[in-house]
Amino acid sequence: MSTVEQTPPTPGSGGPPSAPAPREHGSGAVTGVAWTVLPYVASVVLAFLVGGLLIQAMGYSAVDALEAVLTSSFDSRFGMVETLHKWVPIVLCAYAFAIPLATGKFNIGAEGQLLLGATGGAAIGITFSDLPAILLLPAMLVAGVLAGALWAGIAAVLLVRFRVNEVLSTVLLNFVSFRLIDWVATSVWPDAGAGHPATTPVGDGARLPLIGEAPGLHSGVLLVLALAVFIAVGMRFTPTGFEMRAVGDNPRASLINGVKTSRLAGAGLVIGGGAAGLAGAIDVAGVQGRMLEGMQSNFLILGIIVGLMARGSMLALPFIAFGIAVLEFGAGTMQLVASVPVEMVLVIEALILLFLLLSDIVRNRLRGAA
Amino acid sequence: MSEFLTLVVPMWVVFTLAAQGTILSGRTGVFNVTQEGVMALGASVGFVVAYKMGSNLGGLLIAFAVGALVGLILTVMTTQLRLDQFVVGLALFFAATGAAGLLYREVIGVTMTPPKIDTLTKHEIPLLSDIPVIGEPLFRQDYVFFFVVLLSVGLYWFMQRTGAGLNFRSVGENPKAADSLGINVNLARTWSTIVGSGLVAVAGAYFPLHFTGIYTDGMIAGRGWLVIALAFLGGWRPLYVVAGAAFFAGMDVLGQKAQVIGLGVPHQFIEMLPYVATLLVMVFAFRWARQPAHLGSNYDRESRLAG
């Protein structure tokens, strides 16, 4: 039996879907940008059109619903702060998906990695609650990153050492993590008064300082902003970033040229896990003040959607994540104002993704005809 | 023991049904990852139809049709348009998950106590059901159980014992060679994905129609992903899947009964059992079990590359 047969299936025949479409015909920079941006605009418009028709068909007012989805983030300071607070875990979970994807691996475990990161952060924040913020806060965030990386590391070891498909291992670890944090929240540091499985609050030194008048924006947003710049530069200009992209584009050529492909794939998963772990720790330090069950929300799905939409561009990713954060905050308002169930927004987001995938074919046909 | 088996057998039905649906399309090279979403959608559709029409069979059939529709979208986007199977699968998983919740909320709304339907009635096979230990769990079951047994045997017969089955399997092993023999690759992929996805949805519908009588979000609880692991473990063969499903079902029931069992370990750790056991089993599955050579890759008959 050859080694090829034993390799877990790599989805698709032409490399990971993140590969940006090649620019053809030496067309100008303006046309290049237009070909890149146009599919996004068209997909969003089409998805909202279909979503609007669905809402109308269900007997609600599509105009009211979609207006609530799109504008509520910008209506008030509260809306913008909440949107940015949602943006942090979404963008980090998107990195958790997109960084391993650059090496051709699919991390579907951001949920579990986020929860482990939150648990790691909360563990430090509760145990050393008397320490001053200058020590406690960094220690807590580092603990979150390490816990997330360690959790993804299990999948990385299974992949590199035992060739276990990373899709399955990362997904299954999510379900293990739900039980683990349930145990932490009900037996290790339970807060009986919370009325919902949750740990006791972390010390005051473990809370991220707030910026501006109430409602304050937590400073984790700035941290993630800096990280976004760092990742965009790192993937584009460092040797490691180059190797990761090379492995994703052509694993065979990379291997022949001396890149340690499987180790790099494992490293991608671990780094991704660290990003998701940071999301958990920041959510504890900035928003929740404790680790609680269900805090992973639907950030896994949103991270994957953003990661796929970014198509390998670490520069575009934070912006797309912001767009999704706007939709997600708007979803709640939509349910209040137009009484459309929040799930509608998930359907719209999935439609945007599907139309974006289809746009490749349309674009290739158009270019072929031109 | 008999009591334990009585709990395991219905869960075996779920795992077997969904895994047979998965390997049916997998054998032609379509790597379906929509199970978790399609099972949730099947549960939602099955419940809503059974509740509104008062017919459980209607619920199962319409769940099948809706699952088939998802399979049709998947197969059109991957065989006709040649988009990445995994990415399209993920997008459809999200859409199906959203649609499942949306449908329930739209038809039933938010209620204090969830509406309940009558679960499927059990049928007894005379004489056989009187056998000690195994008689009660195996021969006093609802018709879905008997259907799954027949389906598994039928799939085994078709895939491993007929010429058409050999042709069918060749599509997933070497589509180019199959094409050159006059086998319609896209047609095989299309019907197998449609039927397979329909079966997955029926497995989802079995949750409200057999176990609970109610629909809740997240009631699939990762079993859709376990089904994919089961397909790998079973080497994409119908009979191995039947055996593997028994293992998965056993683990599932142990996990569910964690709080009753006790053992001095926090119950959360016993609840992890199905997932941890699967991870361990995967170590061996990926070392020894075979899989269709072209699983997950699209076929472009105009491409000059092999496959």
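Exactly one residue out of A:167, A:259, A:160 is surrounded by fewer than 23 Cβ atoms within 10 Å (Cβ to Cβ) and within 14 Å of chain B (Cβ to nearest Cβ), and it is A:160.
The sole residue among A:131, A:135, A:150, A:146 that is open to solvent by 60 Å² or more (accessible area, probe 1.4 Å), more than 14 Å from chain B (Cβ to nearest Cβ), modelled with pLDDT under 95 and part of a helix (DSSP H, G or I) is A:135. Selection of the stretch A:339-370 for residues being away from every other protein chain (no Cβ under 12 Å) and without any contact (Cβ under 8 Å) to a residue 40 or more places away in the chain yields A:366, A:368, A:369, A:370. Counting only helices (runs of 4 or more DSSP H) wholly contained in the stretch B:65-163, the ones carrying 3 or more residues that are away from every other protein chain (no Cβ under 14 Å) occupy B:135-139, B:143-161. Kindly indicate whether residue B:294 is over 23 Å from the mean Cα position of the chain (by Cα) and open to solvent by less than 70 Å² (accessible area, probe 1.4 Å). For residue B:294, the condition - over 23 Å from the mean Cα position of the chain (by Cα) and open to solvent by less than 70 Å² (accessible area, probe 1.4 Å) - is not met. Of the residues A:108, A:55, A:124, the single one that is buried (at least 20 other Cβ atoms within 10 Å of the Cβ) and within 22 Å of residue A:313 (Cα to Cα) is A:108. Checked against (1) touching a strand residue (DSSP E or B) at 6+ places or on another chain (Cβ under 9 Å); (2) more than 13 Å from chain B (Cβ to nearest Cβ); (3) buried (at least 24 other Cβ atoms within 10 Å of the Cβ), residue A:200 meets all criteria but (3).
Within the stretch A:322-338, residues that are of a type in the set (Gly, Ala, Ser) reach partners that are open to solvent by 10 Å² or more (accessible area, probe 1.4 Å) and outside any helix (DSSP H, G or I) with beta carbons closer than 7 Å, at six or more positions or on different chains, in the pairs A:331/A:342; A:332/A:342; A:338/A:60; A:338/A:61.
Within the stretch A:153-202, the set of residues being under 24 Å from the mean Cα position of the chain (by Cα) and on the phi > 0 side of the Ramachandran plot is empty.
Within the stretch A:271-289, the residues that satisfy the criterion of being more than 13 Å from residue A:102 (Cβ to Cβ), crowded, with 24+ Cβ neighbours inside 10 Å and among the hydrophobic types (A, V, I, L, M, F, W, C) are A:276, A:278, A:279, A:281, A:282, A:284, A:285.
Would you be able to tell me the number of residues in the stretch B:245-284 that are open to solvent by less than 10 Å² (accessible area, probe 1.4 Å) and within 28 Å of residue B:166 (Cα to Cα)? Number satisfying all stated conditions: 2. Within the option set A:319, A:329, being away from chain B (no Cβ under 12 Å) and touching an Asp or Glu at 6+ places or on another chain (Cβ under 6 Å) holds for one residue only, A:329. Being more than 16 Å from the chain's Cα centre (by Cα) and at positive phi is true for just one of A:32, A:104, A:52. Which residue is that? On inspection, the qualifying residue turns out to be A:104. Kindly provide the set of residues from the stretch A:291-308 that are open to solvent by 10 Å² or more (accessible area, probe 1.4 Å) and either polar (S, T, N, Q) or in a helix (DSSP H, G or I) (or both), ordered by number. Hits for the stretch A:291-308 are A:296, A:297, A:298, A:299, A:300, A:301, A:308.
Selection of helices (runs of 4 or more DSSP H) fully inside the stretch B:196-307 by the criterion of at least 3 residues being out of contact with any helix residue (DSSP H, G or I) (no Cβ under 7 Å at 6 or more places or on another chain) and within 14 Å of chain A (Cβ to nearest Cβ) returns B:273-288.
The criterion of being open to solvent by 30 Å² or more (accessible area, probe 1.4 Å) and not assigned by TED's automatic domain parsing to the domain that holds residue A:126 does not hold for residue A:354.
Of all residue pairs spaced 6 or more apart or on separate chains, none has beta-carbon atoms under 9 Å together with a first member in the stretch B:241-254 that is at positive phi and a second member that is of a type outside the set (A, V, I, L, M, F, W, C) and in a helix (DSSP H, G or I).
The values are calculated or read from the model by the stated rules, or taken from the named source; none is laboratory data. All values derive from a computational prediction rather than experimental measurement. Note that each Cβ is placed from the backbone with ideal geometry, even for glycine, and that neighbours are counted across all protein chains shown. To get the accessible areas, we keep the full protein, side chains included, count just its heavy atoms, and leave off ligands, DNA and RNA. Shrake-Rupley method; radii C 1.70, N 1.55, O 1.52, S 1.80 Å.
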